[in-house]
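A.B. asks: Can you keep this structure in mind? I'll have questions shortly.
The values are calculated or read from the model by the stated rules, or taken from the named source; none is laboratory data. No experiment lies behind these values; they were computed from the predicted model shown. Reconstructed Cβ throughout: ideal geometry from the backbone, glycine too, with neighbour counts over all protein chains shown.
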Amino acid sequence: MSAKSRRLDKFDDLVKELEEAIMEDARQIFTEKTIEEAYNPKNVGEIDNPDGAARITGPCGDTMQIHLKLDGDVIVDCKFMTDGCGPTIACGSVITELVKGRTVEEASKISEKDILDVLGGLPEEHLHCPVLAVNTLKAAIKELKKKL
Ligand code: FES
C-alpha cells in the first residue's frame, strides 16, 4: 500500500469517527425518528404546475416552500424544500407525508402537534420549526383554495 493510500485510509477513518461523534451528539438531543427524517427526507422538491404553492420565511430566517397537487378534493402530491436546519427538514418531510391523500379540509387541520407526535417531540429551541411547516402549508392551501 502506498503512503498516499495509507493517508487516504486514515482520512476515511477520521471522517467516519467524526460522523459517529456527530450522530452521537444528535441522539442526545433529537429522537431517532427526527434524525431519520432529517437525513432521509421524503418528498423533497417541486411539483410542475402546482395547484397550491407557498414559500415562507420564519422568524429565525429559515425558509420553507410547499407545493400541492389536487385531484378532485384530495391532495394527491405534496413536496417541500427548505434551507433550514435538520429539524426543519424533518418537519417538512413529515408534513408532506401527513398531507398526501387527505382532503383540503382535513389538511387544513394539520397542526404542529401532529408533526411533533410523529417525531416524538423536539427540543424547545426547535419548536418553531413545525410552526414554519404548518404556516407554509396553510399559505399553500390558501393559494390552492383561490383556484377552486
Ligand atoms: Fe429555523 Fe428550524 S431553526 S425553522
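A.B. asks: Which residues, counting only those in segment 41-97, are aliphatic (A, V, I, L, M), away from the ligand (no atom under 16 Å from the Cβ) and under 16 Å from SER108 (Cα atoms)?
C.D. replies: ALA53, LEU68, LEU70, VAL74, ILE75, VAL76
A.B. asks: Quick check on my filter: what residues within segment 136-148 are crowded, with 19+ Cβ neighbours inside 10 Å and either at pLDDT 95 or above or in a loop (DSSP other than H, G, I, E, B) (or both)?
C.D. replies: Within segment 136-148, THR136, LEU137, ALA140, ILE141 qualify.
A.B. asks: Considering only residues that are closer than 11 Å to ALA133 by Cα, in contact with a Ser or Thr (Cβ under 6 Å, 6 or more places away or on another chain) and in a loop (DSSP other than H, G, I, E, B), which ones fall in segment 37-91?
C.D. replies: ASP62
A.B. asks: Out of the residues in segment 86-135 meeting the condition of being in contact with a Lys or Arg (Cβ under 9 Å, 6 or more places away or on another chain) and among the polar types (S, T, N, Q), tell me which one is surrounded by the fewest Cβ atoms within 10 Å (Cβ to Cβ).
C.D. replies: SER108
A.B. asks: Any idea which residue in segment 113-127 is nearest to the ligand (Cβ to nearest atom), counting only those that are touching an Asp or Glu at 6+ places or on another chain (Cβ under 9 Å) and in contact (Cβ under 8 Å) with a residue 60 or more places away in the chain?
C.D. replies: By that ranking, first place goes to LEU119.
To keep it simple, each residue is scored yes or no on (1) more than 30 Å from LYS69 (Cα to Cα); (2) surrounded by fewer than 11 Cβ atoms within 10 Å (Cβ to Cβ); (3) over 14 Å from the mean Cα position of the chain (by Cα).
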| position | (1), (2), (3) |
| --- | --- |
| SER2 | yes, yes, yes |
| LYS10 | yes, yes, yes |
| ASP25 | yes, yes, yes |
| PHE30 | yes, no, yes |
| GLU36 | no, no, no |
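A.B. asks: Would you mind stating whether GLU105 is in a helix (DSSP H, G or I) and away from the ligand (no atom under 16 Å from the Cβ)?
C.D. replies: yes
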